[in-house]
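A.B. asks: Mind having a look at this structure? Questions to follow.
The values are calculated or read from the model by the stated rules, or taken from the named source; none is laboratory data. For clarity, every value in this text was computed on a predicted model and none was experimentally measured. In this analysis, Cβ positions are derived from the backbone assuming ideal geometry, glycine residues included, and neighbour counts consider all displayed protein chains. Accessible surface is based on the protein model in full, side chains and every heavy atom, while ligands, DNA and RNA are left aside. Shrake-Rupley method; radii C 1.70, N 1.55, O 1.52, S 1.80 Å.
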Amino acid sequence: MLKTKLNVLTLRKEPLPTVIFHEPEAIELCTTTPLMKTRNHTGCKVTYLGKVSTTGMQFLSGCTEKPVIELWKKHTLAREDIYPANALLEIRPFQVWLHHLDLKGEATVHMDTFQVARIAYCTADHNVSPNIFAWVYREINDDLSYQMDCHAVECESKLEAKKLAHAMMEAFKKTFHSMKSDGRIHRNSSSEEMSHEFESDDG
């Protein structure tokens, strides 16, 4: 009788759970609902106008005006009367994430990542439209050569564009201090010297 009970207990024994280790960001993948519907992005809804190559190494006030006009013209020629936001721009301490949205306005798995340390210039001051925020990014090619691309987005308002400019400035400062503490930037450099290329007009 004792032997029979032991057999029953053995048959009813549940298997030990399998331990799976996840990266912190990957834990959200273990949900029964779609990932992008449960993750709250802190970015700003924008219309991505695209990018265009630009030349030069010195980026001063007004340097993005010409490429932004080019992108704006292409945008206005192709757009409809009501053109919804097609991306979500999320500025983080060391990276900028551009989440592309689907037709329903929800974030897709497609995302462009920009390293803050490679951003040479950004501004929300453009004559063609006060709602445009643009940045110049150093894109490294497969052959290790690089090119400077001007990216631009149209925000819902002038205020939103300026908020992005200020957020980019804060991200740059954090990146700068981190690189300085790691010895990747000379100790005699200052954030003020490095950040003169970041412009956010408050007027």
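A.B. asks: Cβ-Cβ distance below 9 Å, separation of 6 or more or different chains: which pairs start in the range 155-171 with a residue that is buried (at least 20 other Cβ atoms within 10 Å of the Cβ) and end on one that is assigned to a helix (DSSP H, G or I)?
C.D. replies: Pairs that qualify, where the first residue is buried (at least 20 other Cβ atoms within 10 Å of the Cβ) and the partner is assigned to a helix (DSSP H, G or I), are CYS155/ALA161; CYS155/LYS162; CYS155/LYS163; CYS155/LEU164; MET168/VAL116; ALA171/VAL116.
A.B. asks: Which of the residues that make up the range 121-131 are of a type in the set (A, V, I, L, M) and surrounded by 19 or more Cβ atoms within 10 Å (Cβ to Cβ)? Reasoning before the result, please.
C.D. replies: To start, the set of residues in the range 121-131 that are of a type in the set (A, V, I, L, M) comprises 124, 128.
Selection gives ALA124 alone.
A.B. asks: Additional query: Going by the conditions given, is HIS100 modelled with pLDDT of 80 or more, of a type outside the set (Phe, Trp, Tyr) and surrounded by fewer than 17 Cβ atoms within 10 Å (Cβ to Cβ)?
C.D. replies: Details: modelled with pLDDT of 80 or more: yes; of a type outside the set (Phe, Trp, Tyr): yes; surrounded by fewer than 17 Cβ atoms within 10 Å (Cβ to Cβ): yes.
Yes.
A.B. asks: Taking THR108 as meeting all but one of (1) open to solvent by 60 Å² or more (accessible area, probe 1.4 Å); (2) modelled with pLDDT under 85, write down the number of the exception.
C.D. replies: Going through the list (1) open to solvent by 60 Å² or more (accessible area, probe 1.4 Å); (2) modelled with pLDDT under 85, THR108 breaks only (1).
A.B. asks: So if I check each of LYS73, LYS3, LYS45, LYS51, which one is part of a helix (DSSP H, G or I) and modelled with pLDDT of 90 or more?
C.D. replies: Exactly one of LYS73, LYS3, LYS45, LYS51 is part of a helix (DSSP H, G or I) and modelled with pLDDT of 90 or more, namely LYS73.
A.B. asks: Now, a different point. Name, by its number, the condition in (1) out of contact with any Leu (no Cβ under 6 Å at 6 or more places or on another chain); (2) farther than 18 Å from THR175 by Cβ; (3) in contact (Cβ under 8 Å) with a residue 24 or more places away in the chain; (4) not in a helix (DSSP H, G or I) that does not hold for PRO67.
C.D. replies: Tallying (1) out of contact with any Leu (no Cβ under 6 Å at 6 or more places or on another chain); (2) farther than 18 Å from THR175 by Cβ; (3) in contact (Cβ under 8 Å) with a residue 24 or more places away in the chain; (4) not in a helix (DSSP H, G or I), PRO67 fails exactly one: (4).
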